[in-house]
1. Take the conditions open to solvent by 50 Å² or more (accessible area, probe 1.4 Å), more than 21 Å from Gly97 (Cβ to Cβ) and in contact (Cβ under 8 Å) with a residue 24 or more places away in the chain and apply them to Asp28. Does it pass?
2. Is at least one residue of the range 11-30 in a loop (DSSP other than H, G, I, E, B) and touching a Gly at 6+ places or on another chain (Cβ under 8 Å)?
3. Taking the range 1-24 only, how many residues are surrounded by fewer than 11 Cβ atoms within 10 Å (Cβ to Cβ) and near ligand 1 (Cβ under 10 Å from one of its atoms)?
4. Within the range 62-118, track down each residue that is of a type in the set (Lys, Arg) and open to solvent by 50 Å² or more (accessible area, probe 1.4 Å).
5. State the number of residues belonging to the range 69-118 that are of a type in the set (A, V, I, L, M), within 16 Å of Gly57 (Cα to Cα) and not in a strand (DSSP E or B).
6. Return a yes/no flag: does the range 43-52 have any residue that is closer than 16 Å to Phe111 by Cβ, open to solvent by 40 Å² or more (accessible area, probe 1.4 Å) and within 16 Å of ligand 1 (Cβ to nearest atom).
7. Name every residue in the range 32-49 that is touching a strand residue (DSSP E or B) at 6+ places or on another chain (Cβ under 8 Å) and among the aliphatic types (A, V, I, L, M), in order of residue number.
Amino acid sequence: MDDDWEIAYFNTLARDGRGDFDNDGQTDFEEFRAGTNPANDNSVLRVLTLTPLLGGGKTLLWSATPGRTYRVEFKADPQAAEWSELPGTVTAAGTTGSKVDPAAGSDAHRFYRVRLLP
Ligand SMILES: [Ca+2]
Ligand SMILES: [Ca+2]
């Protein structure tokens with residue numbers, strides 16, 4: 001983790017990134033990568049809602065950091081090794097990102113994840 005970032009949030013360089021200071025389920029290092037606040041449990045990269053659309057699509061909404069770019073992936077079988085990408089990336093304009101999966105209805109279930117791009 002960047003020293004300036006660590007000092008800004010923790011006022012120490014003693015944290016190694018593996019801890020979860022604010023207990024929001026993401027480690028300090030994951031929050032560093034995601035651009036979220038490691039000392040605020042309301043600031044976390046997570047999927048907020050999955051809204052069905054007419055015609056079988058779904059809209060995925062997640063908590064985002066403005067200016068960061070995300071990719072949404074899915075799989076129909078949670079045991080499957082491979083994730084499939086929804087085409088295109090999303091650069092968040094505000095504190096949420098959203099993406100429509102127009103083909104969500106083509107599988108009985110779809111499991112989603114949102115990845116922050118470097
Ligand atoms: Ca955390
Ligand atoms: Ca946090």
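The values are calculated or read from the model by the stated rules, or taken from the named source; none is laboratory data. Quantities reported herein were computed from a predicted structural model and do not represent experimental measurements. Because the Cβ atoms are built from the backbone with ideal geometry, glycine has one as well, and the counts that use them run over all protein chains shown. Heavy atoms of the whole protein, side chains included, go into the accessibility calculation; ligands, DNA and RNA do not. Shrake-Rupley method; radii C 1.70, N 1.55, O 1.52, S 1.80 Å.
1. Against the criterion (open to solvent by 50 Å² or more (accessible area, probe 1.4 Å), more than 21 Å from Gly97 (Cβ to Cβ) and in contact (Cβ under 8 Å) with a residue 24 or more places away in the chain), Asp28 does not qualify.
2. Yes, the range 11-30 has at least one match.
3. 1
4. So in the range 62-118, the residues of a type in the set (Lys, Arg) come out as 68, 71, 75, 99, 110, 113, 115.
Correct list: Arg68, Arg71, Arg113, Arg115.
5. 5
6. yes
7. Result: Ala34, Val44, Leu45, Val47, Leu48.
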